[in-house]
Amino acid sequence: MNRNAAPGLKIGSLRGVPVFIGGSWVLIAIVIVATFGPQVQRALPELGGLAYIVALAYVVGLLISVLVHEAAHTLAGQWRGFEVHQIVADLWGGHTSFTREDSSPASSAIVAVVGPLSNALLAVAGWGALQFGLPDVAHLLVVAFTWANALVAAFNLLPGFPLDGGHLVEAAVWGATGNRNKGTVAAGWCGRLVTLAVVGVLVVWPLVNGRPLSMIGTVWVALIASFMWFGASSAVQRGKVNNQLGSVALGDILRPLAVAAADITVAGLPPADTLLVGGDQQAAGFVPAGSAMAVPIERRALTPAHALMIVPTGPWLVQVENENTAGHDLGALVEHASRHGEVAERTVVLTADGRPLGWIARDDLINAVSRALT
């Protein structure tokens, strides 16, 4: 699987963040047009086949709502110091991918809540537009747009993963306990309870009262419930695993690392493993201890250190949220490797402000994770 492959059609960017429409969004758009078109025909029979054009316009409105929701997450995330990878509109609405997140419960809560709030604002704007005399087609579209955004806002605020409300639960527990993993597990369990409640309200209760859902409605609820249950269960598992990873201190596997300017000569290299840093203060490469022995003594003062520099394959630089929180740090290393699909032969660990803490060998990291999970 190519992790660098585009997730769909790129339609633009927002403050440097690429925005994509996934192939699954096209599928859901077709389903919505097919189901909403007949409803438009019943409401406005004079439209005939044009009802499906109106349904397509509704799909475009939904896409705009999704992108506004994700844009709110992106802008708030950048404001709070998150690094945003991409925005994707897909089968489940959309998602914003982050490559690095801020380390505070407040930031997590802010980034989570702005998405539903943006939909709530769109619903208010739609309600305001309805106060004016709109033509029949426009009135129908604005009513549908308003209700859709109101429901999306309310649904996303339900307290459990994978919804935005789950991030609020996580942030609350995290803030109260100081342990994000406990918040993740709590929000995952809340997500499972919310899923059961959704099924109970939308399927079981109408069935008991003799008003069962239609086949299409039942399929929709089943798909949504499956998505929610899987996301909630994944959160529970992720929180438990990260707690286990906390049993291994980062210092147990971290090796010392000196730092030197990339333009020094071999003669100026420290005797330890050394990270070469360029004039822009960015890590340039890694010089293993003892590499200077490969250069004759008389040539060391004339040979640039970068001639011995190696750049490890794979994602070899990782920043940790808090250098004093060993469990979180090891979890960050594992998440970093998982996100990139590989573990670098040498991983240089940096603090949040870019200061090198040391380096970790691939085998040491793998062995540490194995010890933590057994």
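The values are calculated or read from the model by the stated rules, or taken from the named source; none is laboratory data. Worth saying up front: this structure is predicted, and the values here are computed from it rather than measured. Heads up, the Cβs are rebuilt from the backbone with ideal geometry, glycines too, and the neighbour counts pull from every protein chain shown. Please note that ligands, DNA and RNA were not included when accessible areas were found on the heavy atoms of the full protein model with its side chains. Shrake-Rupley method; radii C 1.70, N 1.55, O 1.52, S 1.80 Å.
Going toward the positive end of the dipole of the chain, with +1 on Lys and Arg Cβ and -1 on Asp and Glu Cβ, which of HIS306, LEU333, VAL259 do you reach last? After comparing all options, I get LEU333.
In percent, rounded to a whole number, the relative contact order of segment 70-183 is 22, using alpha-carbon pairs under 8 Å and six or more apart.
Report the residue, chosen from GLY268, GLY188, GLY178, that carries the largest GNM mean-square fluctuation when the chain is represented by alpha-carbon nodes joined by springs under 10 Å. Comparing GLY268, GLY188, GLY178 in the GNM, the peak value goes to GLY268.
Given their separation in residues at 0.36 nm each and the Cα-Cα distance between them, ASP280 and LEU50 gain 76.9 nm when the chain is fully extended.
What you get for the chain, charging only the Cβ of Lys and Arg (+1) and of Asp and Glu (-1), is a dipole of about 540 debye around the Cα centre. Mean projection of the Cα convex hull over all viewing directions, computed for segment 1-97: 7.1 nm².
Averaged per residue, the chain has 51 square angstrom of accessible surface, using a 1.4 angstrom probe with ligands and nucleic acids left out.
Think of the chain as a dipole: +1 on every Lys or Arg Cβ, -1 on every Asp or Glu Cβ, centred on the Cα centre; then among LEU62, TRP189, GLY358, TRP189 lies furthest on the positive end. The share of accessible area on the chain that comes from carbon and sulfur is 64 percent, using a 1.4 angstrom probe. The calculated FRET efficiency for ARG15 paired with LEU207, based on their beta-carbon distance and R0 = 35 Å, is about 0.15. Between GLN39 and LEU196, the C-beta separation translates, for a Förster distance of 25 Å, into a calculated FRET efficiency of about 0.25. State log₁₀ I(q)/I(0) for the chain at q = 0.10, 0.11 Å⁻¹ as given by the Debye formula over alpha-carbon point scatterers of equal weight, solvent excluded. So the normalised log intensities work out to -0.77, -0.89. For the chain, which longest stretch is free of loop sites, where a loop site is one of the trypsin sites (Lys or Arg not before Pro) that DSSP puts outside H, G, I, E and B and that has at most 10 other Cβ atoms within 10 Å? Excluding the exposed sites themselves, the longest stretch runs over 16-374.
Remark: the GLU335-VAL124 segment gains 72.1 nm on full extension, using 0.36 nm per residue and subtracting the alpha carbon distance.
Once Rg and the Kirkwood radius are both taken over the C-alpha atoms of segment 118-169, their ratio Rg/Rh works out to 1.15.
Placing a label point 7 Å from the Cα of ASP263 along the Cα-to-Cβ direction, the residues of segment 276-305 with a backbone N closer than 19 Å are 276-286, 301-305.
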